[in-house]
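Undergrad: Following this message is one structure expressed as structure tokens.
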Amino acid sequence: MSKKTIKELAEEIGVSKTAISKKVTDKQKKTWFAKIGNQFVINEEGQKAIKSMFEPVENNQSQTQPQTSWRNNANQVGDSDFYQKQLLAKDNQIDMLQKLLKDQQNLLDQQQRLTLQTNKQIEQLQLENSKNIVESANTKEEIANQDRQSVANATVEETIDIPTPQTKKGFFSRLFNIN
């Protein structure tokens, strides 16, 4: 193994140059890296160390993947039961709210009917009251007319006894039978 650049090592491992730069500390860079021209080259010791830094990650991922998928399957079964229970609870809540809404609509309809009946009764009472007022006004007028007629009859009888010269009466006197 000879010295390799960061780019060559990154391609060999299958990672980016920045990943290597991030993993290696400044102290390690001073011991493993050497600058030749415009490029940094890594000695054999550094190459082995950097490869070992990235290998456990790949090994750990491949080892933990089956465990994770098994856990995911178990969790998915448990999660699906949990979600189904939640769905059933939500369905029950929706049914309850729909029944409550239907009851509220029935109560609103009943209230509107009662209000309509009450308004009709109030209108009937007002109509009856206005008829009673008109009738009482008519009866008062009739009484007043009867009183006027009796007074007029009394005055006519008095006037018949006393002959008066006939003069032309004015409008108001004819209207109110004033002599």
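No value in this document is a laboratory result; all are computed from the given coordinates. Remember, it's a predicted structure, so these values are computed and weren't measured experimentally. Here Cβ is always computed from backbone atoms with ideal geometry, including for glycine, and neighbour counts include all displayed protein chains.
Undergrad: For a protection proxy built on the mean count of beta-carbon atoms within 10 angstrom, sort 25-32, 11-18 highest first, please.
TA: Values: 25-32: 11.8, 11-18: 13.4.
Descending packing order for the listed peptides: 11-18, 25-32.
Undergrad: Apply the Karplus parameterisation 6.51 cos²θ - 1.76 cosθ + 1.60, with θ equal to phi minus 60°, to every residue of region 10-15 and state each ³J(HN,Hα) to the nearest whole Hz, in sequence, with x for glycine and proline.
TA: 4, 5, 5, 6, x, 10
Undergrad: Please tell me which of these pairs span more than 27 angstrom C-alpha to C-alpha: Lys17/Lys48; Lys22/Lys48; Lys4/Lys27; Lys3/Lys23; Lys140/Lys168? All intermediate terms of the calculation are to be shown ahead of the outcome.
TA: Values: Lys17/Lys48 16 Å; Lys22/Lys48 16 Å; Lys4/Lys27 19 Å; Lys3/Lys23 19 Å; Lys140/Lys168 32 Å.
As for pairs spanning more than 27 Å Cα to Cα, those are Lys140/Lys168.
Undergrad: For Lys4, list long-range residues whose amide hydrogen, built 1.01 Å from N in the peptide plane, is under 5 Å from its own amide hydrogen.
TA: Those qualifying (amide H under 5 Å, at least 5 residues apart or on another chain) are Ile42.
Undergrad: Given the Cα-Cα distance of Asp103 and Gln86 and 0.36 nm per residue of separation, how much length would full extension add, in nm? Mind showing how you got there, number by number?
TA: Details: separation 17, 0.36 × 17 = 6.12 nm, distance 2.57 nm.
Between Asp103 and Gln86, full extension yields 3.6 nm more.
Undergrad: If r is the Cβ-Cβ distance from Ile36 to Glu11 and R0 is 25 Å, what FRET efficiency results, to the nearest 0.05?
TA: On the way: r = 18 Å, r/R0 = 0.73.
E(calc), rounded to 0.05, equals 0.85.
Undergrad: Want the number for Asp147 to Ser173: 0.36 nm per residue separation, take away the alpha-carbon distance, what's left?
TA: 7.6 nm
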